[in-house]
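Scroll down for the structure; my scribbles are underneath it.
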Amino acid sequence: MNLHELFDTPIDKPLSNVNHVALTYAQLHTLGAQGASAFYFLDLEKLRDNYHRLRQAFVSAYENSQIAYSFKTNYAPVIGRHLKDLGCWAEVVSAMEYHIATEVLGFAPDHVVVNGPLHEPDFIEKILLDGTNFNADAWYLLDMIGQISQRHPHRQFQIGIRLTYPIAEGGFSRFGISSDAESLQRLSEWQASHRNCRIRGLHSHFSNSSRSLVSFADRINGLLAASDILFPTAPPDFINIGGGFFGEMPQCLASQYAQTPDFSAYAQQIGSTMRARFGASSGVTLMLEPGTALIANAMVFACKVIEVKHVEGKTLALVNGSNHNINHKWAGEALPVQLISQHPQAGNAEFDIVGNTCIEKDVLRLGVQGNVAAGDYLVFQYMGGYTNVLKQPFIHPCQPIYCWQDKQLRIAKRQENITDILATYVL
Ligand SMILES: Cc1ncc(COP(=O)(O)O)c(C=O)c1O
């Protein structure tokens with residue numbers, strides 16, 4: 001089947017009045033009958049709703065806010081294309097992601113933010129000449145930029161700097177240039193000696209602090225403290241707070257965290273600090289780079305129960321999916337999963353979900369409540385981030401992604417096959 005080919009059999013709209021995507025057994029069965037009974041399902045209407053709610057929250061708190069979607073979280077082209085149509089920018093961290101954003105999806109280079117720790121000189125030269133929004137992560141990149149600007153003395157370049165500094169709740173990042181006094185002084189000197197390249201903004205992103213408001217208070221304060229030193233006479237063009245926001249999620253997942261702020265709480269926390277520093281209608285753009293917050297609850301992973309067996313007092317449901325499909329970037333949370341039974345039965349039995357690889361540790365979830373039977377579906381929610389993009393072709397190729405958009409069901413990624421997997425090997 002071709003990408004985006006329309007199905008012959010449309011399904012009814014998935015339920016949208018919940019904070020995740022909910023499918024009935026009949027819908028799962030219809031989708032499963034298309035060829036692969038394990039698949040990702042993406043609700044683009046949910047994605048659109050997430051984007052509008054996040055944007056509205058931030059624009060109300062600080063008008064000059066701009067979202068750039070983090071492609072690494074899920075670079076399925078259908079997602080980037082949909083967000084582009086809504087006015088979202090792209091945040092990319094490699095030449096591959098830059099290509100997808102600009103060449104495949106047509107994002108204008110000045111609507112692309114390029115981050116990332118490791119880049120080749122040719123790529124940096126290209127993106128600077130393209131006029132993209134590059135945030136330099138390290139001194140070696142600033143050296144590279146210095147050489148490029150010398151080679152193009154008649155061009156005027158603009159860059160941002162990614163900074164790292166201590167923040168609350170264990171926040172430490174190995175990425176970015178340290179924001180201590182000595183490094184900021186060195187940055188000021190770098191600026192003074194590079195006349196055709198202007199540092200015009202500051203960026204940070206932390207993925208190992210919590211996603212709490214306290215953490216975000218430190219993130220924005222750290223950027224503004226450095227901004228005061230690096231931009232003593234006129235404010236920067238932008239402050240980029242990175243990603244790391246929670247999205248709306250099922251209650252059984254939310255209850256596992258100390259705090260799950262909603263979009264308005266994040267926006268108030270960050271927006272009020274920006275307003276206090278730069279004024280309500282300032283020219284300083286507040287950039288955000290959400291991945292998880294936009295996409296996590298818009299996609300589920302559905303797999304079918306192939307057999308239920310009983311071993312040493314445990315009930316094991318073997319499914320045609322794996323930990324590799326679902327289990328990236330989690331820190332021990334019990335992942336939210338729904339048992340969608342073909343023939344629902346009352347009772348409070350408990351079972352573990354085990355995967356389709358030969359790895360003993362391939363257990364998708366322990367201690368799920370319900371009476372499970374072969375033929376049932378298990379639907380993992382909050383699966384939009386870091387799942388299909390990190391799925392290895394270990395033992396089984398990756399499953400398809402079906403998506404719901406404009407009252408139509410489409411294929412966003414077909415089932416991978418052996419030819420796909422062997423394409424890069426010499427046979
Ligand atoms: C620089 C940068 N921005 C944004 C993100 C997106 O983070 P999240 O999915 O937590 O919103 C990441 C993810 O690692 C990142 O490295």
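The values are calculated or read from the model by the stated rules, or taken from the named source; none is laboratory data. Note that this is a predicted model, so its numbers are computed, not measured. A quick note on method: Cβ atoms are made from the backbone with ideal geometry, for glycine too, and the neighbour counts reach across all protein chains shown.
Among the small types (G, A, S) and crowded, with 17+ Cβ neighbours inside 10 Å: does that describe S178?
No; evaluated as a whole, the condition is false for this residue.
Scan the stretch 372-382 and give yes if some residue there is within 14 Å of A38 (Cα to Cα) and free of Cβ contacts under 8 Å to residues at least 40 places away in the same chain, otherwise no.
There is no residue in the stretch 372-382 that is within 14 Å of A38 (Cα to Cα) and free of Cβ contacts under 8 Å to residues at least 40 places away in the same chain.
Please enumerate the residues belonging to the stretch 180-212 that are closer than 23 Å to M274 by Cβ and within 16 Å of the ligand (Cβ to nearest atom).
G201, L202, H203, S204, H205, F206, S207, S209, S210, R211, S212
On the basis of being in a helix (DSSP H, G or I) and either under 25 Å from T233 (Cα atoms) or not assigned by TED's automatic domain parsing to the domain that holds W89 (or both), does Q191 make the cut?
Working: in a helix (DSSP H, G or I): yes; either under 25 Å from T233 (Cα atoms) or not assigned by TED's automatic domain parsing to the domain that holds W89 (or both): yes.
So Q191 fits the description; yes.
Kindly indicate whether any position in the stretch 139-150 is within 19 Å of G222 (Cβ to Cβ) and surrounded by 15 or more Cβ atoms within 10 Å (Cβ to Cβ).
no
Does the stretch 295-312 contain at least one residue that is surrounded by fewer than 17 Cβ atoms within 10 Å (Cβ to Cβ) and at pLDDT below 95?
Scanning the stretch 295-312 turns up no residue that is surrounded by fewer than 17 Cβ atoms within 10 Å (Cβ to Cβ) and at pLDDT below 95.
Got a sec? Which of V78, V59 is hydrophobic (A, V, I, L, M, F, W, C), at pLDDT 95 or above and crowded, with 20+ Cβ neighbours inside 10 Å? So that I can check it myself, show each step before the final result.
Details: V59 fails: crowded, with 20+ Cβ neighbours inside 10 Å.
None of the other options fit; the residue is V78.
Within the bounds of the stretch 154-174, is there any residue that is assigned to a helix (DSSP H, G or I) and surrounded by 15 or more Cβ atoms within 10 Å (Cβ to Cβ)? Quick ask: steps written out before the conclusion?
First, the residues of the stretch 154-174 that are assigned to a helix (DSSP H, G or I): none.
No, the conditions are met nowhere in the stretch 154-174.
Taking R155 as the residue in question, decide whether it is under 25 Å from G271 (Cβ atoms) and either at pLDDT below 95 or of a type outside the set (F, W, Y) (or both).
No: the conditions fail for R155.
How about the stretch 213-290: which helices (runs of 4 or more DSSP H) wholly inside it have at least 3 residues that are modelled with pLDDT of 95 or more and within 15 Å of the ligand (Cβ to nearest atom)? Lay out the reasoning, then the answer.
Working: elements: 213-230, 251-254, 263-278.
In the stretch 213-290, the matching helices (runs of 4 or more DSSP H) lie at 213-230, 263-278.
Filter the stretch 59-77 for residues that are of a type in the set (A, V, I, L, M, F, W, C), more than 14 Å from the ligand (Cβ to nearest atom) and touching a residue at least 60 places away in the same chain (Cβ under 8 Å) and give the result.
Our first condition is that a residue be of a type in the set (A, V, I, L, M, F, W, C); within the stretch 59-77, this holds for 59, 61, 67-68, 71, 76.
Applying the additional criterion that residues be more than 14 Å from the ligand (Cβ to nearest atom) yields 59, 61, 76.
Hits for the stretch 59-77 are A61, A76.
Specify the residue that is surrounded by the most Cβ atoms within 10 Å (Cβ to Cβ); the eligible residues are those in the stretch 372-427 that are closer than 17 Å to K72 by Cα and charged (D, E, K, R).
So, considering only residues that are closer than 17 Å to K72 by Cα and charged (D, E, K, R), the one surrounded by the most Cβ atoms within 10 Å (Cβ to Cβ) is K391.
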